[in-house]
Amino acid sequence: MGRYVVGVDFGTLSGRAVVVGVADGTERGSAVHAYRHGVLTDRLPDGPALPPDWALQDPADHREVLRTAVPAAVRAAGVDPADVIGIGLDATSCTMLPTLADGTPLAELPELRDRPHAWPKLWKHHAAQRQADRINVLAAERAEPWLARYGGRVSAEWQLAKALEVLEDDPAVFRRAERWIETADWLVWQLCGRETRNVSAAGFKGLRQDSAYPSAGFLAALHPELPDLLPKVDGPLVALGTRAGGLTAEAARWTGLPAGVAVAAGTIDAHVTAAAARSVEPGRMLAVLGTSTCLIMNSDTCHEVPGVCGVVAGGVTARGWGYEAGQSGVGDIFAWYVERALPASHADEARRRGISPYELLDALAADQPVGGHGLLALDWHSGNRSVLMDHELSGVLVGLTLATRPEEIWRALLEATAFGARTVVEAFTAAGVPVHELTAAGGLTANQLLLRIYADVLRRPLHVLDTDHPAALGAAIHAAVAAGAYPDVETASAAMGAPHRETWHPDPARAAAYDDLYAEYRALHDHFGLGGTDVLHRLRALRNRARHPADPTGRLRPMSW
């Protein structure tokens with residue numbers, strides 16, 4: 001047990017690698033590599049402009065993490081690479097890329113380099129909402145049995161909506177693609193030279209239930225060519241913690257690790273974090289607070305939870321039913337406010353104090369009484385993932401007066417994300433999936449005001465994970481299982497998972513005040529999200545028509561390439 005494993009986490013803006021001890025999960029070294037192209041939302045590198053709601057990535061940026069962050073982490077750890085027995089990785093999901101049969105991304109073919117649909121679509125690519133709407137209507141009309149496993153609605157972020165978008169907008173790219181594959185699975189393919197599909201992504205994002213994807217008949221009813229997707233997504237399915245293969249000689253040169261070491265099956269970033277948080281037992285919910293938020297749980301039984309992102313057999317660990325819900329925008333909302341809406345006077349004040357604008361806003365907002373700002377926000381700046389599953393919704397802020405201060409808006413935004421999390425927890429509880437313990441992980445756990453608000457709003461203790469790289473640690477735990485050091489993820493999680501850094505307990509007075517504010521949030525939530533008005537959808541259509549006058553519908557027409 002005096003050996004090591006490497007975990008690599010491919011996030012939205014960067015990739016990070018950690019080297020940890022197999023015996024107890026102690027981190028020995030780490031390294032982070034920022035993607036050179038980040039997220040492509042405005043235009044392709046040296047290519048055409050992108051329409052609204054697009055988010056793409058460059059697969060070369062992901063490969064570069066393997067070449068730089070992994071060897072750098074091993075050097076930082078000061079360990080002999082020969083003592084590394086396995087490597088595991090995770091990635092954001094659903095991040096899909098079309099490739100040739102040998103795994104070559106279509107975006108790297110010179111003749112397709114300037115075709116946006118040939119590039120990997122990041123999880124927060126939301127331009128496929130119209131396709132998702134049609135999928136949902138047809139699935140409901142046909143009473144497709146898998147639909148209830150996804151809370152009754154399929155997301156625009158997932159595999160089928162994105163594939164249908166490509167087929168309708170650029171059919172030549174759809175036809176050229178021989179594989180449609182999640183980034184995590186593609187990266188495992190790069191490491192071990194063998195194509196695999198992890199059960200978690202296939203179930204949660206690919207709609208694979210009861211050993212089958214949606215039928216060819218259903219797909220054909222959406223588009224005559226869509227059944228051609230099925231052989232493109234078919235591949236050897238592997239359970240989480242399984243050995244996908246051994247590190248190839250080429251990948252060994254990239255990473256500096258010995259050829260042949262175990263490569264674990266890929267998985268979803270938030271799901272693998274459950275192992276790092278020791279939250280794989282039933283009733284333990286993990287909230288991964290970052291750019292977006294994912295809420296992950298395991299259960300012994302399968303329940304249909306309205307608005308959930310999915311319930312999948314073996315979706316979090318090989319045993320049990322995994323559940324996922326989430327919020328499309330959390331850290332993204334906070335970053336938007338600081339970068340695009342914060343007054344210059346506050347930015348100047350932060351510089352004078354030698355602190356970040358985030359720290360200044362927290363300090364100014366911390367002592368405000370609950371409800372004292374008179375504001376209420378809906379956390380839909382990036383659409384709503386759970387429980388409404390509608391990415392054409394947008395953010396709302398009510399209660400503004402001429403006396404409203406920037407830090408009051410800031411606090412209202414923090415509270416809105418906590419209210420969004422409470423709607424998810426209540427949906428689980430109402431569906432018979434009780435939440436007995438809640439643990440938070442991710443970059444936003446550095447914000448103590450946010451943690452205090454979450455504990456008060458959710459009315460339950462909030463444990464905080466004590467690790468800087470929770471997803472990478474979880475990937476390393478999976479690597480240890482794949483290498484044979486532990487029999488399963490549950491056992492490895494108990495031995496290698498991180499401890500709690502702290503626990504935030506709700507304050508009874510603040511929690512009671514938040515109950516009143518949350519009731520108003522739910523009224524606003526239901527009005528704008530459940531049919532009280534469709535003004536948010538109309539505003540988006542007006543925006544699109546203004547930006548694209550040739551499209552009188554406000555729903556962008558398919559692009560011609």
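The values are calculated or read from the model by the stated rules, or taken from the named source; none is laboratory data. Keep in mind that what you see is a predicted model, and the values were worked out from it rather than measured. Cβ: placed from backbone, ideal geometry, glycine included. Neighbour counts: every protein chain shown. Accessible surface areas use protein heavy atoms only, side chains included; no ligands, DNA or RNA. Shrake-Rupley method; radii C 1.70, N 1.55, O 1.52, S 1.80 Å.
What does a probe at Ala249 reach in region 179-212, counting residues whose amide N is under 17 Å from the point 7 Å along Cα→Cβ? Within reach of a label on Ala249: 191-194.
Computing log10 I(q)/I(0) by the Debye sum over Cα atoms at q = 0.08, 0.12 Å⁻¹ directly from the structure and comparing it against [x] -0.50, -1.19; [y] -0.68, -1.23; [z] -0.59, -1.27 singles out [x]. With a cut-off of 18 Å, note down the residues of region 1-37 whose backbone N falls inside the zone around a label point 7 Å from the Cα of Arg340 toward its beta carbon. Answer for this model: 13. The distance from the alpha carbon centre of region 151-200 to that of region 320-396 is 31 Å, rounded to a whole number. Charged neighbours of Thr273, selected by a Cβ distance under 11 Å, balance to -2 (K, R count +1; D, E count -1). Modelled spin-label separation between Asp80 and Asp46, with each label point placed 7 Å from Cα along the Cα-to-Cβ direction: 4.5 nm.
For the chain, the mean residue ellipticity at 222 nm estimated from helices alone is -11500 deg cm²/dmol, where every DSSP H run of n ≥ 4 contributes -39500 (n - 2.57) and the total is divided by all residues, rounded to the nearest 500. For region 408-561, the dipole from Cβ point charges (+1 on Lys and Arg, -1 on Asp and Glu) about the Cα centre works out to 900 debye, to the nearest 20. Heavy-atom surface analysis with a 1.4 Å probe gives the chain a carbon and sulfur content of 52 percent of its accessible area. Between Glu225 and Arg175, the modelled label-to-label distance comes to 0.6 nm, taking each label 7 Å out from Cα in the direction of the beta carbon. Placing +1 on each Lys and Arg Cβ and -1 on each Asp and Glu Cβ, with no other charges, gives the chain a dipole about its Cα centre of roughly 520 debye. The slack between Arg36 and His303, meaning 0.36 nm per residue of separation minus the straight C-alpha distance, is 91.9 nm. Around the amide H of Ala440, modelled in the peptide plane, lie the amide H atoms of Ala287, His463, Val464, Leu465, all under 5 Å away and 5 or more residues distant in sequence or on another chain.
If only the Cβ of Lys and Arg carry +1 and only the Cβ of Asp and Glu carry -1, the dipole of region 1-103 around its Cα centre is close to 220 debye.
FRET efficiency for the pair Ala446 and Arg194, taken as 1/(1 + (r/R0)^6) with r the Cβ-Cβ distance and R0 = 25 Å, rounds to 0.05.
Positive end of the dipole of the chain (Cβ unit charges, origin at the Cα centre): among Cys94, Gly354, Ala446, the Cα lying farthest that way belongs to Cys94. Summing Lys and Arg as +1 and Asp and Glu as -1 over all other residues whose Cβ lies under 9 Å from the Cβ of Arg175 gives a net charge of -1. Just going by the charge dipole of the chain, with Lys and Arg at +1 and Asp and Glu at -1 on Cβ, which of Thr429, Ala69, Val316 is farthest out on the positive end? Of the candidates, Ala69 comes out farthest on the positive side.
Placing a label point 7 Å from the Cα of Ala366 along the Cα-to-Cβ direction, the residues of region 429-467 whose backbone N falls under 17 Å from that point are 445-456.
Counting only protein heavy atoms and a 1.4 Å probe, the chain has 35 square angstrom of accessible area per residue. For every other residue with a beta carbon closer than 15 angstrom to the beta carbon of Arg353, add +1 if it is Lys or Arg and -1 if Asp or Glu, then tell me the sum. Computed value for this residue: -3.
Calculated over region 393-525, the projected area of the Cα convex hull averaged across directions stands at 10.7 nm².
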